[in-house]
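Before any comments, here is the structure.
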Amino acid sequence: TELLEEIDVETVISKSHKLIIHNDNVNSFDWVIETLIDICGHTYEQAEQCSLLIHYKGKYAVKTGDFESLKPMKDGICDRGINATIE
């Protein structure tokens with residue numbers, strides 16, 4: 001028996017954006033962690049893991065969702081001097 005799941009395409013498309021933070025040599029781990037907690041609502045553990053991945057991989061998607069919800073987060077992160085983009 002095969003179970004087919006119905007997926008709303010509009011929902012999938014609207015959640016396809018990623019908030020990416022890029023590594024730099026300016027911002028400290030503590031500042032990135034504090035920013036992720038304050039702006040993205042991460043727990044300390046989530047923020048710490050994201051900061052390590054950003055450091056070692058060069059960039060990391062810290063949040064996914066629709067563009068409208070990610071844009072204010074990106075702007076808030078950039079206002080704190082951390083390079084962020086939405087893809």
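Right, H55: part of a loop (DSSP other than H, G, I, E, B) and either surrounded by fewer than 20 Cβ atoms within 10 Å (Cβ to Cβ) or at pLDDT 95 or above (or both) or not? So H55 fails the test. When segment 64-75 is filtered for residues that are touching a strand residue (DSSP E or B) at 6+ places or on another chain (Cβ under 7 Å), not in a strand (DSSP E or B) and not basic (K, R), the ones remaining, listed by number, are D66, F67, L70, M73.
Yes/no per residue for (1) part of a loop (DSSP other than H, G, I, E, B); (2) surrounded by 13 or more Cβ atoms within 10 Å (Cβ to Cβ); (3) under 11 Å from the mean Cα position of the chain (by Cα); (4) at pLDDT below 95:
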| site | (1), (2), (3), (4) |
| --- | --- |
| T1 | yes, no, no, yes |
| E6 | yes, no, no, yes |
| E48 | no, yes, no, no |
| V62 | no, yes, yes, no |
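If the condition is being out of contact with any His (no Cβ under 8 Å at 6 or more places or on another chain) and closer than 17 Å to H42 by Cα, then segment 52-74 contributes L52, L53, Y60, A61, K63, S69, K71, P72, M73, K74.
Among the numbered conditions (1) in a helix (DSSP H, G or I); (2) modelled with pLDDT of 95 or more, the only one that V12 does not meet is (2).
Taking segment 77-87, which residues are assigned to a helix (DSSP H, G or I) and under 12 Å from the mean Cα position of the chain (by Cα)?
Result: I77, single match.
The set of residues from segment 28-46 being open to solvent by 40 Å² or more (accessible area, probe 1.4 Å) and not aliphatic (A, V, I, L, M) comprises S28, F29, D30, W31, E34, D38, G41, T43, Y44, E45, Q46. Does L19 satisfy being open to solvent by less than 60 Å² (accessible area, probe 1.4 Å), modelled with pLDDT of 95 or more, assigned to a helix (DSSP H, G or I) and aliphatic (A, V, I, L, M)? The answer is no for L19.
The values are calculated or read from the model by the stated rules, or taken from the named source; none is laboratory data. Nothing here was measured: the structure is a model prediction, and the numbers come from that model. Positions of Cβ are backbone-derived with ideal geometry, glycine not excepted, and every protein chain shown enters the neighbour counts. Accessible surface is based on the protein model in full, side chains and every heavy atom, while ligands, DNA and RNA are left aside. Shrake-Rupley method; radii C 1.70, N 1.55, O 1.52, S 1.80 Å.
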